[in-house]
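Note sheet for the following structure.
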Amino acid sequence: MYPQIITYLLTFINYQEQLIRTLLTLLIGKSMFEKPTEQPVNKPYRKLQVDDLPVIEVLEQLDYRVLLSEYLEKNGKPLKPVQRRKNAKVSVPKSINCPKCGAPSDYLYANNGDKGQYQCKVCTEFFSEKNRFSKEAILKCPHCSKTLEKIKERKDFHVFKCKNNDCSYYQKKLNGMSSKEKKRFKKDPQAFKLRYIFRQFYIDFQPLSKESPALPAVDLSKIYASPHTLGLILTYHVNYGLSARKTAAIMQDVHGVMISHQTVLNYENSVALLLKPYVDHYPYELSDQFCGDETYIRVNGRWHYLFFFFDAVKKIILSYPVSPNRDTATAIRAIDEVLVKMKEIPENLTFVVDGNPIYLLAQHFFAQHGIAFDVKQVIGLTNEDPVSTEYRPLKQIIERLNRTFKGNYRSTHGFGSEHGSVSYVTLFTAYFNFLRPHAALEGKVPVVNPELNRLPTMPARWTKLISLAQQWIMEQQRTA
Ligand SMILES: [Zn+2]
Ligand SMILES: [Zn+2]
(Lines give C-alpha, C1' and ligand atoms only; values in the text may rest on other atoms or scores of the structure.)
(Ligands and ions follow the chains in the order given, each with its own letter.)
Protein backbone atom coordinates (compact mmCIF):
# COMPACT_ATOMS: atom_id res chain seq x y z
CA MET A 1 0.00 0.00 0.00
CA TYR A 2 2.77 2.34 1.06
CA PRO A 3 4.75 2.17 -2.18
CA GLN A 4 1.55 2.60 -4.16
CA ILE A 5 0.87 5.89 -2.46
CA ILE A 6 4.37 7.02 -3.26
CA THR A 7 4.07 6.00 -6.89
CA TYR A 8 0.82 7.86 -7.05
CA LEU A 9 2.37 10.92 -5.45
CA LEU A 10 5.33 10.83 -7.80
CA THR A 11 3.03 10.66 -10.78
CA PHE A 12 0.99 13.47 -9.33
CA ILE A 13 4.03 15.67 -8.71
CA ASN A 14 5.23 15.12 -12.26
CA TYR A 15 1.77 15.83 -13.59
CA GLN A 16 1.59 19.00 -11.53
CA GLU A 17 4.93 20.15 -12.80
CA GLN A 18 3.85 19.58 -16.36
CA LEU A 19 0.65 21.45 -15.74
CA ILE A 20 2.49 24.42 -14.26
CA ARG A 21 4.91 24.43 -17.17
CA THR A 22 2.07 24.33 -19.67
CA LEU A 23 0.22 27.13 -17.91
CA LEU A 24 3.33 29.25 -17.65
CA THR A 25 4.09 28.67 -21.28
CA LEU A 26 0.61 29.83 -22.20
CA LEU A 27 0.80 32.85 -19.91
CA ILE A 28 4.29 34.11 -20.45
CA GLY A 29 5.07 32.71 -23.83
CA LYS A 30 7.48 30.02 -24.70
CA SER A 31 10.71 31.91 -24.93
CA MET A 32 10.74 33.10 -21.34
CA PHE A 33 10.26 29.75 -19.80
CA GLU A 34 12.57 27.74 -21.93
CA LYS A 35 16.06 27.63 -20.62
CA PRO A 36 18.10 29.05 -23.47
CA THR A 37 21.00 26.72 -22.71
CA GLU A 38 18.98 23.54 -22.35
CA GLN A 39 21.01 21.85 -25.04
CA PRO A 40 24.73 22.29 -25.31
CA VAL A 41 26.05 23.70 -28.53
CA ASN A 42 26.98 20.50 -30.27
CA LYS A 43 30.46 21.49 -31.27
CA PRO A 44 31.78 18.86 -33.63
CA TYR A 45 35.19 17.76 -32.49
CA ARG A 46 38.00 19.05 -34.59
CA LYS A 47 38.39 16.80 -37.58
CA LEU A 48 41.72 15.27 -36.94
CA GLN A 49 43.26 12.52 -38.92
CA VAL A 50 45.00 9.99 -36.73
CA ASP A 51 47.51 7.77 -38.51
CA ASP A 52 48.64 4.28 -37.56
CA LEU A 53 51.12 3.82 -34.76
CA PRO A 54 54.78 4.27 -35.62
CA VAL A 55 57.31 1.51 -35.27
CA ILE A 56 58.86 1.95 -31.86
CA GLU A 57 62.44 0.78 -31.72
CA VAL A 58 63.77 0.35 -28.23
CA LEU A 59 67.34 1.55 -27.82
CA GLU A 60 69.99 -0.50 -26.16
CA GLN A 61 69.93 0.13 -22.46
CA LEU A 62 72.52 0.09 -19.74
CA ASP A 63 71.88 -1.68 -16.47
CA TYR A 64 72.59 0.38 -13.37
CA ARG A 65 73.24 -2.78 -11.34
CA VAL A 66 76.07 -3.74 -13.70
CA LEU A 67 77.38 -0.17 -13.64
CA LEU A 68 77.31 -0.10 -9.83
CA SER A 69 79.23 -3.36 -9.50
CA GLU A 70 81.78 -2.12 -12.05
CA TYR A 71 82.19 1.01 -9.96
CA LEU A 72 82.73 -1.07 -6.82
CA GLU A 73 85.36 -3.18 -8.55
CA LYS A 74 87.24 -0.16 -9.88
CA ASN A 75 87.09 2.04 -6.78
CA GLY A 76 86.96 -0.47 -3.99
CA LYS A 77 83.87 1.20 -2.51
CA PRO A 78 80.23 1.42 -3.58
CA LEU A 79 78.79 4.45 -5.34
CA LYS A 80 76.68 6.23 -2.78
CA PRO A 81 73.16 7.45 -3.53
CA VAL A 82 72.75 11.22 -3.93
CA GLN A 83 73.04 13.04 -0.60
CA ARG A 84 70.18 15.44 -0.21
CA ARG A 85 70.12 18.37 2.11
CA LYS A 86 67.45 17.98 4.69
CA ASN A 87 65.32 20.90 3.61
CA ALA A 88 66.21 20.80 -0.05
CA LYS A 89 63.54 22.60 -2.02
CA VAL A 90 63.55 20.14 -4.88
CA SER A 91 62.94 16.50 -4.38
CA VAL A 92 63.08 13.70 -6.91
CA PRO A 93 59.82 11.77 -7.02
CA LYS A 94 60.22 8.10 -6.11
CA SER A 95 58.50 7.04 -9.32
CA ILE A 96 61.24 8.46 -11.57
CA ASN A 97 64.16 6.37 -12.70
CA CYS A 98 66.97 6.88 -15.19
CA PRO A 99 65.78 6.20 -18.76
CA LYS A 100 69.23 5.04 -19.82
CA CYS A 101 70.33 2.69 -17.05
CA GLY A 102 67.22 2.30 -14.91
CA ALA A 103 68.83 3.71 -11.75
CA PRO A 104 66.22 4.47 -9.09
CA SER A 105 65.44 7.98 -7.88
CA ASP A 106 68.01 7.72 -5.05
CA TYR A 107 70.72 8.10 -7.69
CA LEU A 108 69.19 11.06 -9.48
CA TYR A 109 70.20 14.69 -9.04
CA ALA A 110 67.47 17.25 -9.44
CA ASN A 111 69.57 19.14 -11.93
CA ASN A 112 68.01 22.55 -12.39
CA GLY A 113 65.52 23.00 -9.63
CA ASP A 114 61.86 22.69 -10.39
CA LYS A 115 62.24 22.60 -14.18
CA GLY A 116 62.18 18.81 -14.10
CA GLN A 117 65.72 18.22 -15.36
CA TYR A 118 67.50 15.29 -13.78
CA GLN A 119 70.97 13.83 -13.97
CA CYS A 120 71.81 10.23 -13.24
CA LYS A 121 74.75 9.75 -10.90
CA VAL A 122 75.36 6.23 -12.19
CA CYS A 123 75.57 6.82 -15.96
CA THR A 124 75.73 10.67 -16.01
CA GLU A 125 72.75 10.88 -18.38
CA PHE A 126 70.75 14.13 -18.38
CA PHE A 127 67.02 13.83 -18.95
CA SER A 128 63.62 15.28 -18.19
CA GLU A 129 60.18 13.72 -18.06
CA LYS A 130 59.48 15.31 -21.43
CA ASN A 131 62.40 13.86 -23.32
CA ARG A 132 62.84 10.60 -21.47
CA PHE A 133 61.03 8.62 -24.12
CA SER A 134 63.49 9.69 -26.81
CA LYS A 135 66.27 8.27 -24.60
CA GLU A 136 64.53 4.93 -24.50
CA ALA A 137 63.31 4.51 -28.04
CA ILE A 138 63.29 5.94 -31.52
CA LEU A 139 60.18 6.32 -33.61
CA LYS A 140 60.06 5.09 -37.17
CA CYS A 141 57.52 5.57 -39.94
CA PRO A 142 55.35 2.45 -40.30
CA HIS A 143 55.26 2.97 -44.09
CA CYS A 144 58.93 3.47 -44.95
CA SER A 145 60.83 2.68 -41.70
CA LYS A 146 62.65 6.03 -41.74
CA THR A 147 63.19 7.73 -38.39
CA LEU A 148 60.51 10.33 -37.67
CA GLU A 149 61.44 13.96 -37.10
CA LYS A 150 60.04 16.03 -34.30
CA ILE A 151 58.41 19.10 -35.89
CA LYS A 152 56.38 20.66 -33.08
CA GLU A 153 56.32 20.78 -29.30
CA ARG A 154 52.96 21.40 -27.73
CA LYS A 155 52.02 21.48 -24.07
CA ASP A 156 50.88 17.88 -23.84
CA PHE A 157 52.44 16.31 -26.90
CA HIS A 158 55.16 16.47 -29.51
CA VAL A 159 54.39 16.08 -33.19
CA PHE A 160 56.58 13.81 -35.31
CA LYS A 161 56.57 13.66 -39.08
CA CYS A 162 57.97 11.39 -41.75
CA LYS A 163 59.83 13.72 -44.10
CA ASN A 164 60.90 11.02 -46.53
CA ASN A 165 59.80 11.96 -50.07
CA ASP A 166 59.89 8.33 -51.15
CA CYS A 167 57.59 7.24 -48.32
CA SER A 168 54.73 5.15 -49.70
CA TYR A 169 52.24 7.06 -47.50
CA TYR A 170 53.34 10.40 -48.97
CA GLN A 171 53.47 9.07 -52.53
CA LYS A 172 49.99 7.59 -52.27
CA LYS A 173 48.49 10.81 -50.92
CA LEU A 174 50.32 12.90 -53.49
CA ASN A 175 49.18 10.75 -56.40
CA GLY A 176 45.64 10.64 -55.07
CA MET A 177 45.14 14.39 -55.46
CA SER A 178 42.95 15.75 -58.23
CA SER A 179 44.44 18.39 -60.51
CA LYS A 180 42.32 21.01 -58.73
CA GLU A 181 43.73 19.92 -55.39
CA LYS A 182 47.24 19.98 -56.80
CA LYS A 183 46.76 23.59 -57.85
CA ARG A 184 45.55 24.52 -54.39
CA PHE A 185 48.37 22.55 -52.83
CA LYS A 186 50.91 24.71 -54.70
CA LYS A 187 49.40 27.87 -53.24
CA ASP A 188 48.58 26.56 -49.78
CA PRO A 189 50.48 23.40 -48.87
CA GLN A 190 49.44 23.78 -45.19
CA ALA A 191 45.85 22.96 -46.09
CA PHE A 192 46.77 19.37 -46.93
CA LYS A 193 48.03 16.55 -44.83
CA LEU A 194 50.11 14.41 -47.08
CA ARG A 195 52.73 13.07 -44.72
CA TYR A 196 52.62 10.55 -41.94
CA ILE A 197 52.17 12.26 -38.56
CA PHE A 198 52.45 10.93 -35.04
CA ARG A 199 51.62 12.70 -31.80
CA GLN A 200 53.46 11.59 -28.76
CA PHE A 201 51.79 12.40 -25.50
CA TYR A 202 53.57 13.59 -22.38
CA ILE A 203 50.63 13.65 -20.10
CA ASP A 204 51.84 13.39 -16.55
CA PHE A 205 50.11 10.11 -16.02
CA GLN A 206 51.38 6.63 -15.30
CA PRO A 207 48.95 4.06 -16.67
CA LEU A 208 47.86 1.12 -14.55
CA SER A 209 49.36 2.62 -11.43
CA LYS A 210 46.99 0.89 -9.08
CA GLU A 211 46.84 3.28 -6.20
CA SER A 212 45.74 2.04 -2.87
CA PRO A 213 42.27 3.47 -2.43
CA ALA A 214 42.00 6.84 -0.75
CA LEU A 215 39.94 5.90 2.25
CA PRO A 216 37.55 8.61 3.28
CA ALA A 217 37.01 9.66 6.84
CA VAL A 218 33.27 9.88 6.69
CA ASP A 219 31.40 9.60 9.91
CA LEU A 220 27.84 8.70 9.06
CA SER A 221 26.89 8.94 12.72
CA LYS A 222 26.95 12.72 12.07
CA ILE A 223 23.97 12.16 9.84
CA TYR A 224 20.96 12.98 11.97
CA ALA A 225 18.77 10.49 10.24
CA SER A 226 18.02 6.86 10.82
CA PRO A 227 19.51 4.40 8.31
CA HIS A 228 16.01 3.85 6.94
CA THR A 229 15.48 7.58 6.38
CA LEU A 230 18.83 7.82 4.64
CA GLY A 231 17.87 4.84 2.48
CA LEU A 232 14.59 6.51 1.56
CA ILE A 233 16.33 9.76 0.62
CA LEU A 234 18.79 7.90 -1.62
CA THR A 235 16.01 5.91 -3.23
CA TYR A 236 14.05 9.03 -4.21
CA HIS A 237 17.07 11.07 -5.17
CA VAL A 238 19.08 8.43 -7.08
CA ASN A 239 16.76 5.59 -8.14
CA TYR A 240 13.82 7.82 -9.03
CA GLY A 241 15.97 10.80 -10.00
CA LEU A 242 14.05 13.32 -7.91
CA SER A 243 15.86 16.61 -7.36
CA ALA A 244 17.16 17.41 -3.87
CA ARG A 245 14.25 19.84 -3.43
CA LYS A 246 11.62 17.30 -4.39
CA THR A 247 13.28 14.67 -2.25
CA ALA A 248 13.16 17.02 0.75
CA ALA A 249 9.52 17.81 -0.04
CA ILE A 250 8.46 14.18 -0.27
CA MET A 251 10.30 13.41 2.97
CA GLN A 252 8.30 16.15 4.68
CA ASP A 253 4.95 15.63 2.99
CA VAL A 254 4.83 11.86 2.96
CA HIS A 255 7.11 10.71 5.75
CA GLY A 256 6.88 13.67 8.12
CA VAL A 257 10.66 14.05 8.19
CA MET A 258 11.66 17.71 8.28
CA ILE A 259 14.70 18.03 6.12
CA SER A 260 16.12 20.73 3.85
CA HIS A 261 17.29 20.18 0.30
CA GLN A 262 20.78 21.23 1.40
CA THR A 263 20.78 18.39 3.90
CA VAL A 264 19.85 16.01 1.08
CA LEU A 265 22.86 17.27 -0.87
CA ASN A 266 25.11 16.92 2.19
CA TYR A 267 23.98 13.33 2.66
CA GLU A 268 24.57 12.70 -1.02
CA ASN A 269 28.18 13.94 -0.68
CA SER A 270 28.89 11.92 2.46
CA VAL A 271 27.48 8.68 1.09
CA ALA A 272 29.28 9.19 -2.26
CA LEU A 273 32.61 9.64 -0.45
CA LEU A 274 31.99 6.47 1.47
CA LEU A 275 30.86 4.39 -1.53
CA LYS A 276 33.43 5.60 -4.07
CA PRO A 277 36.40 3.45 -2.98
CA TYR A 278 34.11 0.41 -2.78
CA VAL A 279 32.61 1.03 -6.23
CA ASP A 280 36.04 1.72 -7.76
CA HIS A 281 37.92 -1.19 -6.20
CA TYR A 282 35.27 -3.87 -6.24
CA PRO A 283 36.61 -7.10 -7.84
CA TYR A 284 34.19 -7.07 -10.78
CA GLU A 285 33.91 -10.11 -13.06
CA LEU A 286 34.42 -8.62 -16.51
CA SER A 287 34.07 -9.60 -20.17
CA ASP A 288 36.35 -8.30 -22.93
CA GLN A 289 33.83 -6.03 -24.62
CA PHE A 290 33.77 -2.46 -23.47
CA CYS A 291 32.16 0.65 -24.78
CA GLY A 292 32.50 4.28 -23.94
CA ASP A 293 30.57 7.43 -24.61
CA GLU A 294 30.43 11.01 -23.43
CA THR A 295 27.34 12.80 -22.27
CA TYR A 296 26.78 16.41 -21.28
CA ILE A 297 26.02 17.53 -17.76
CA ARG A 298 25.75 21.01 -16.40
CA VAL A 299 28.12 22.04 -13.63
CA ASN A 300 28.01 25.55 -12.20
CA GLY A 301 26.16 26.81 -15.25
CA ARG A 302 28.69 25.38 -17.70
CA TRP A 303 28.54 22.25 -19.81
CA HIS A 304 30.83 19.47 -18.73
CA TYR A 305 31.47 16.04 -20.14
CA LEU A 306 30.76 12.85 -18.31
CA PHE A 307 32.68 9.93 -19.77
CA PHE A 308 31.04 6.56 -19.16
CA PHE A 309 32.94 3.35 -19.81
CA PHE A 310 30.96 0.25 -19.45
CA ASP A 311 31.25 -3.55 -19.73
CA ALA A 312 28.81 -4.17 -22.55
CA VAL A 313 28.11 -7.79 -21.55
CA LYS A 314 28.02 -7.54 -17.77
CA LYS A 315 26.40 -4.08 -17.76
CA ILE A 316 28.81 -2.74 -15.21
CA ILE A 317 29.91 0.91 -15.19
CA LEU A 318 33.69 0.95 -14.82
CA SER A 319 34.63 4.59 -15.14
CA TYR A 320 32.79 7.88 -14.94
CA PRO A 321 35.14 10.87 -14.90
CA VAL A 322 33.63 14.36 -15.21
CA SER A 323 35.66 16.95 -17.08
CA PRO A 324 35.13 20.48 -18.40
CA ASN A 325 36.85 19.31 -21.58
CA ARG A 326 36.30 16.58 -24.07
CA ASP A 327 40.02 15.96 -24.36
CA THR A 328 42.58 13.21 -24.75
CA ALA A 329 43.70 13.45 -21.13
CA THR A 330 40.19 12.60 -19.90
CA ALA A 331 39.83 9.80 -22.47
CA ILE A 332 43.09 8.34 -21.18
CA ARG A 333 41.90 8.59 -17.60
CA ALA A 334 38.58 6.98 -18.45
CA ILE A 335 40.18 4.03 -20.24
CA ASP A 336 42.79 3.61 -17.52
CA GLU A 337 40.06 3.30 -14.91
CA VAL A 338 38.69 0.38 -16.92
CA LEU A 339 42.11 -1.23 -17.37
CA VAL A 340 43.01 -1.17 -13.66
CA LYS A 341 39.88 -3.19 -12.93
CA MET A 342 41.04 -6.10 -15.07
CA LYS A 343 42.82 -9.01 -13.51
CA GLU A 344 44.88 -9.12 -16.67
CA ILE A 345 44.60 -7.30 -19.96
CA PRO A 346 42.77 -9.68 -22.35
CA GLU A 347 44.40 -10.40 -25.69
CA ASN A 348 41.48 -9.27 -27.82
CA LEU A 349 40.60 -6.24 -25.77
CA THR A 350 38.34 -3.89 -27.70
CA PHE A 351 36.82 -0.53 -26.88
CA VAL A 352 33.83 0.59 -28.91
CA VAL A 353 33.54 4.38 -28.94
CA ASP A 354 32.27 7.22 -31.09
CA GLY A 355 34.25 8.83 -33.91
CA ASN A 356 36.11 11.25 -31.66
CA PRO A 357 39.86 11.10 -32.44
CA ILE A 358 40.72 11.50 -28.73
CA TYR A 359 40.21 7.75 -28.35
CA LEU A 360 42.77 6.96 -31.04
CA LEU A 361 45.21 9.34 -29.39
CA ALA A 362 44.51 7.61 -26.07
CA GLN A 363 45.15 4.27 -27.77
CA HIS A 364 48.54 5.59 -28.95
CA PHE A 365 49.33 6.81 -25.46
CA PHE A 366 48.75 3.35 -23.98
CA ALA A 367 50.67 1.67 -26.81
CA GLN A 368 53.63 3.86 -25.88
CA HIS A 369 53.39 2.31 -22.43
CA GLY A 370 53.21 -1.21 -23.83
CA ILE A 371 49.45 -1.64 -23.36
CA ALA A 372 47.75 -2.73 -26.56
CA PHE A 373 44.04 -2.74 -27.37
CA ASP A 374 41.77 -2.21 -30.33
CA VAL A 375 39.54 0.82 -30.79
CA LYS A 376 36.42 0.45 -32.93
CA GLN A 377 34.78 3.70 -33.84
CA VAL A 378 31.11 3.80 -34.61
CA ILE A 379 30.58 6.94 -36.63
CA GLY A 380 27.40 8.89 -37.26
CA LEU A 381 23.84 7.70 -37.04
CA THR A 382 23.76 5.42 -40.05
CA ASN A 383 25.94 2.47 -40.87
CA GLU A 384 28.15 3.82 -43.61
CA ASP A 385 31.08 1.54 -42.96
CA PRO A 386 31.43 -2.11 -41.94
CA VAL A 387 32.93 -1.24 -38.54
CA SER A 388 29.93 0.89 -37.68
CA THR A 389 27.58 -1.89 -38.79
CA GLU A 390 29.31 -4.53 -36.70
CA TYR A 391 29.75 -2.52 -33.53
CA ARG A 392 26.68 -0.32 -33.53
CA PRO A 393 24.74 -2.66 -31.20
CA LEU A 394 27.47 -2.17 -28.57
CA LYS A 395 27.37 1.56 -29.08
CA GLN A 396 23.62 1.51 -28.66
CA ILE A 397 24.03 -0.26 -25.35
CA ILE A 398 26.02 2.60 -23.92
CA GLU A 399 23.70 5.16 -25.47
CA ARG A 400 20.92 3.45 -23.53
CA LEU A 401 23.00 3.76 -20.36
CA ASN A 402 23.41 7.46 -21.09
CA ARG A 403 19.67 7.83 -21.49
CA THR A 404 19.07 6.05 -18.19
CA PHE A 405 21.50 8.40 -16.51
CA LYS A 406 19.94 11.45 -18.14
CA GLY A 407 16.51 10.31 -17.02
CA ASN A 408 17.71 10.32 -13.42
CA TYR A 409 19.86 13.39 -13.69
CA ARG A 410 17.43 15.63 -15.59
CA SER A 411 15.50 16.73 -12.55
CA THR A 412 18.61 17.91 -10.75
CA HIS A 413 18.92 20.79 -13.26
CA GLY A 414 22.67 20.62 -13.17
CA PHE A 415 25.11 20.67 -10.33
CA GLY A 416 26.33 23.53 -8.17
CA SER A 417 29.90 22.27 -8.18
CA GLU A 418 32.18 19.74 -9.77
CA HIS A 419 32.26 17.98 -6.43
CA GLY A 420 28.46 17.73 -6.41
CA SER A 421 28.39 16.30 -9.91
CA VAL A 422 30.97 13.66 -8.99
CA SER A 423 28.92 12.76 -5.91
CA TYR A 424 25.75 12.25 -7.90
CA VAL A 425 27.48 10.28 -10.66
CA THR A 426 29.15 8.09 -8.03
CA LEU A 427 25.80 7.30 -6.40
CA PHE A 428 24.25 6.65 -9.80
CA THR A 429 27.06 4.20 -10.59
CA ALA A 430 26.65 2.44 -7.23
CA TYR A 431 22.91 2.17 -7.90
CA PHE A 432 23.44 0.96 -11.46
CA ASN A 433 26.04 -1.70 -10.60
CA PHE A 434 24.72 -2.99 -7.28
CA LEU A 435 21.02 -2.19 -6.97
CA ARG A 436 19.32 -1.78 -10.31
CA PRO A 437 17.81 -4.86 -11.97
CA HIS A 438 18.66 -5.00 -15.64
CA ALA A 439 16.28 -6.32 -18.30
CA ALA A 440 19.15 -7.62 -20.44
CA LEU A 441 20.38 -9.67 -17.45
CA GLU A 442 17.00 -11.36 -17.00
CA GLY A 443 16.08 -8.85 -14.39
CA LYS A 444 19.24 -9.44 -12.38
CA VAL A 445 21.42 -6.74 -10.90
CA PRO A 446 24.81 -6.49 -12.72
CA VAL A 447 26.74 -7.35 -9.54
CA VAL A 448 24.80 -10.13 -7.87
CA ASN A 449 25.10 -9.98 -4.11
CA PRO A 450 22.68 -12.20 -2.14
CA GLU A 451 23.12 -10.01 0.93
CA LEU A 452 21.56 -7.15 -1.01
CA ASN A 453 19.08 -9.11 -3.10
CA ARG A 454 17.31 -10.84 -0.28
CA LEU A 455 16.31 -7.51 1.26
CA PRO A 456 12.74 -6.60 0.37
CA THR A 457 13.03 -2.84 -0.23
CA MET A 458 15.35 -0.38 -1.88
CA PRO A 459 15.98 1.75 1.25
CA ALA A 460 17.07 -1.45 3.03
CA ARG A 461 19.41 -2.28 0.15
CA TRP A 462 20.98 1.17 0.20
CA THR A 463 21.55 0.79 3.94
CA LYS A 464 23.14 -2.61 3.38
CA LEU A 465 25.33 -1.31 0.55
CA ILE A 466 26.57 1.49 2.79
CA SER A 467 27.42 -0.97 5.55
CA LEU A 468 29.21 -3.28 3.06
CA ALA A 469 31.31 -0.30 1.92
CA GLN A 470 32.05 0.62 5.54
CA GLN A 471 33.11 -2.94 6.34
CA TRP A 472 35.32 -2.98 3.28
CA ILE A 473 37.02 0.27 4.30
CA MET A 474 37.68 -1.09 7.77
CA GLU A 475 39.21 -4.23 6.28
CA GLN A 476 41.46 -2.08 4.09
CA GLN A 477 42.55 -0.07 7.09
CA ARG A 478 43.35 -3.23 9.03
CA THR A 479 45.48 -4.69 6.23
CA ALA A 480 47.18 -1.39 5.40
ZN1 LIG B 1 71.50 6.31 -15.53
ZN1 LIG C 1 57.41 7.33 -44.12
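The values are calculated or read from the model by the stated rules, or taken from the named source; none is laboratory data. Being a predicted model, the structure only gives us computed values, none of them experimental. A quick note on method: Cβ atoms are made from the backbone with ideal geometry, for glycine too, and the neighbour counts reach across all protein chains shown.
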Per the filter on segment 263-277, residues out of contact with any His (no Cβ under 9 Å at 6 or more places or on another chain) and among the β-branched types (Val, Ile, Thr) are Thr263, Val271
Residues (in contact with a Ser or Thr (Cβ under 6 Å, 6 or more places away or on another chain) and free of Cβ contacts under 8 Å to residues at least 40 places away in the same chain) located in segment 445-465: none
Condition first: aliphatic (A, V, I, L, M) and assigned to a loop (DSSP other than H, G, I, E, B). Now tell me which residues in segment 137-168 satisfy that. Leu148
Using beta carbons and a limit of 9 Å, which pairs, at least six apart or on different chains, have the first residue in segment 254-274 and under 18 Å from Ala469 (Cα atoms) and the second one among the small types (Gly, Ala, Ser) and surrounded by fewer than 15 Cβ atoms within 10 Å (Cβ to Cβ)? Leu273/Ala217
Name the pairs: first residue in segment 173-196 and closer than 25 Å to Cys141 by Cα, second residue of a type in the set (Phe, Trp, Tyr) and assigned to a helix (DSSP H, G or I), Cβ to Cβ under 6 Å, at least 6 apart or on different chains? Phe192/Phe185; Leu194/Tyr170; Arg195/Tyr170; Tyr196/Tyr169
Quick one: count up the residues across segment 133-175 that are more than 30 Å from Asp327 (Cβ to Cβ) and either in contact with a strand residue (DSSP E or B) (Cβ under 8 Å, 6 or more places away or on another chain) or away from ligand 2 (no atom under 16 Å from the Cβ) (or both). 2
From the list Lys161, Lys182, pick out the single residue that is surrounded by 10 or more Cβ atoms within 10 Å (Cβ to Cβ), within 17 Å of Gln49 (Cα to Cα) and of a type in the set (Lys, Arg). Lys161
Looking for whichever is of a type outside the set (Phe, Trp, Tyr), at pLDDT 90 or above and crowded, with 20+ Cβ neighbours inside 10 Å here; the options are Leu452, Leu468, Leu435, Leu394. Which one fits? Leu435
Looking at (1) basic (Lys, Arg); (2) modelled with pLDDT under 85; (3) within 11 Å of ligand 1 (Cβ to nearest atom), which is the one condition that is false for Lys121? (2)
Take the residues in segment 185-196 that are surrounded by 10 or more Cβ atoms within 10 Å (Cβ to Cβ) and not charged (D, E, K, R), then tell me which one is farthest from ligand 1 (Cβ to nearest atom). Phe185
Residue under evaluation Ile398, criteria (1) assigned to a helix (DSSP H, G or I); (2) within 26 Å of Val313 (Cα to Cα); (3) more than 19 Å from the chain's Cα centre (by Cα), criterion not met: (3)
Does any residue of segment 325-347 turn out to be assigned to a strand (DSSP E or B) and in contact with a Phe, Trp or Tyr (Cβ under 7 Å, 6 or more places away or on another chain)? no
